[in-house]
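Right, one structure below, let's go through it.
The values are calculated or read from the model by the stated rules, or taken from the named source; none is laboratory data. The structure presented is a predicted model; accordingly, all values stated were derived computationally and were not measured. With ideal geometry, Cβ positions are generated from the backbone for all residues, glycine too; neighbour counts draw on all protein chains shown. Heads up: the accessible areas ignore ligands, DNA and RNA and are worked out on the full protein's heavy atoms, side chains in. Shrake-Rupley method; radii C 1.70, N 1.55, O 1.52, S 1.80 Å.
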Amino acid sequence: MLLLLGALSLLVLATVALDGWQRRQEGPRFPTRFPRVDQVADIIALLRDADPGLRPAILKAVSGEVLRAEITDTPPDETSLIREPRLERRLRRLTGETDGRVRAFTDQAFLHRGVDPADVADGDRSGPIGQLATATYRLPDGRTLVVSAIARHRSIMPWLLGQPLSLWVAVLGAAVAGLVLVGARHELAPLRRLTEAVTRFDGRASEPVAVTGGAPEIHHLTRAVQAMQERIVGLLGERSLLIGAISHDLKTYLTRLRLRAEGVAEPGRRERLIEDLDAMTALIETSLGFARGTAVEVGRTPVDLADIVAAEVAEHAAHGAFIRLSGEELQGIVVAGDAVALRRVVANLIGNAVKFGRSSVAVAVGRVDALCRVVVEDDGPGIPEAERTAVFSPFYRIERSRSRLTGGTGLGLAIARQIAEAHGGSVVAEAGSLGGARLVVTLPAFA
């Protein structure tokens with residue numbers, strides 16, 4: 001439709017341009033700028049020189065749809081007329097009368113645009129005031145010739161019907177375009193609501209979409225999307241239940257194994273068994289926490305993010321870590337959510353920085369407009385640029401040896417991002433100013 005209207009617009013422009021060129025080639029309709037004044041001058045000269053007996057026939061011949069000429073015994077009342085010196089000078093020049101026998105007037109119906117009738121009575125008469133409405137001439141026998149202009153009926157129909165056909169085609173095209181845009185907007189409104197619902201969908205609960213209009217295909221699409229959301233929610237719930245059940249059963253067997261390991265006589269073997277069992281228990285606990293995170297609904301309790309960060313920094317500093325904190329004195333760094341979950345995000349990021357940093361860790365808290373930020377930097381090996389997105393995947397580790405001494409379970413950053421996104425925020429990895437990793441947590445401020 002847009003291509004069709006564009007082609008139609010080009011055709012209309014070409015047609016209007018051709019019509020204007022043809023009109024310019026024909027030349028002006030009248031040979032002078034003042035055709036009415038020139039015609040009145042000719043009438044005055046004709047009646048002045050004609051035989052008095054021919055005057056009635058001349059008056060009848062020169063009167064028509066534009067001008068009406070008559071001869072009266074007394075001059076007309078000039079109180080309702082406005083004298084027009086400019087047109088009067090032209091009449092005198094064309095008729096050769098210089099003794100004041102020719103007078104020209106205009107009235108309110110013939111005033112030029114922008115001329116106030118209240119200002120022309122005593123104003124400067126040298127400039128243009130209006131078109132010729134009435135002209136008088138005192139004939140040699142003492143009678144007065146009055147030539148009056150007939151005001152045309154100001155109907156727009158002749159103007160409308162006289163326009164080129166291409167103009168009406170353009171008007172029709174514009175009307176069709178408006179109807180198309182209104183109809184398309186009306187039809188796309190359900191799609192916009194469906195897009196917003198799909199964008200809000202996070203896997204915890206399906207987002208209902210109320211479709212009150214639109215084509216049947218849009219209704220079918222909406223029902224299909226809602227059914228897909230319900231299946232995804234069900235699959236995620238089943239996954240969480242499955243992981244939780246497996247973790248629970250494994251913890252039962254791990255507890256039995258630990259009790260049996262305590263009975264091993266050799267101290268070295270007993271310690272290694274207990275260490276492996278503890279590592280397996282920590283891995284299961286972390287996996288269970290990650291699985292539960294996809295089904296936990298986040299509340300909107302105000303949480304002071306600066307207090308959480310300060311408490312976590314103080315705890316690491318008490319264990320001998322060299323860590324700096326800035327921004328803890330700022331006010332208004334409050335977010336909406338779960339304090340325990342947010343504490344886990346901060347603990348994961350600071351714990352990783354302390355573990356992988358060589359000598360120092362820098363933590364900063366701040367707020368920019370409606371967003372609260374926590375920035376954690378270290379001077380460790382950092383995160384390669386190609387892996388700054390992959391590190392947030394579950395069980396992904398930059399250190400490939402999978403050793404518990406050099407790395408964790410690979411779920412810390414995944415859990416941190418999961419919790420941040422559940423709170424409407426994000427966690428990103430960047431290049432740090434200390435030479436190592438830089439993790440930035442962004443959360444919407446509490447409103």
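Estimated at 0.36 nm per residue, the fully extended path between Asp77 and Arg113 surpasses their Cα-Cα distance by 10.4 nm. Compared with the direct C-alpha span, the chain from Ser63 to Arg300 gains 76.4 nm at full extension, assuming 0.36 nm per residue.
In debye, nearest 20: dipole of the chain around its Cα centre with unit charges on the Cβ of K, R (+) and D, E (-)?
880
Where in segment 345-376 are there trypsin sites (Lys or Arg not before Pro) that are in a DSSP coil and have at most 13 other Cβ atoms within 10 angstrom of their Cβ? Mind dumping the intermediate values first?
Numbers: sites: Lys355, Arg358, Arg367, Arg373; in loops: Arg358.
Filter output for segment 345-376: Arg358.
For the pair Ala215 and Glu70, the difference between a 0.36 nm per residue extended length and the Cα-Cα distance amounts to 45.0 nm. Residue order by solvent-accessible surface for Tyr137, Tyr396, Tyr253 is Tyr253, Tyr396, Tyr137, largest first, with ligands and nucleic acids left out and a 1.4 Å probe. Look at the dipole of segment 300-447 built from charges on Cβ: of Leu330, Ala431, Asn352, the Cα furthest out on the positive end belongs to Asn352. Considering only Leu87, Ile398, Ala362, and ranking their Cα positions along the charge dipole of the chain that arises from unit charges at the beta-carbon of Lys, Arg, Asp and Glu, the one farthest toward the positive end is Leu87. Of the peptides 257-268, 305-316, 384-395, the order by per-residue mean of other Cβ atoms within 10 Å, starting with the highest, comes out as 305-316, 384-395, 257-268.
Compared with the dominant principal axis of the Cα atoms in the chain, helix 305-318 is inclined by about 30°. If you plug the beta carbon distance of Glu315 and Thr195 into 1/(1 + (r/R0)^6) with R0 = 51 Å, you get a FRET efficiency near 0.70.
Spacing of the modelled spin labels on Arg93 and Arg24, each 7 Å from Cα toward Cβ, amounts to 2.8 nm. For the chain, the longest principal axis of the C-alpha atoms and the axis of helix 339-356 are separated by about 70°. Helix 2-26 and the long axis of the chain differ in direction by around 20°, with both axes built from C-alpha atoms. A simple rule links phi to the HN-Hα coupling: the Karplus curve 6.51 cos²θ - 1.76 cosθ + 1.60 with θ = phi - 60°, which for segment 44-51 gives 4, 5, 5, 6, 5, 9, 7, 5 Hz, with x for Gly and Pro. Here the label points at Thr389 and Leu188, each 7 Å from Cα along the C-beta direction, are separated by 2.8 nm in the simple model.
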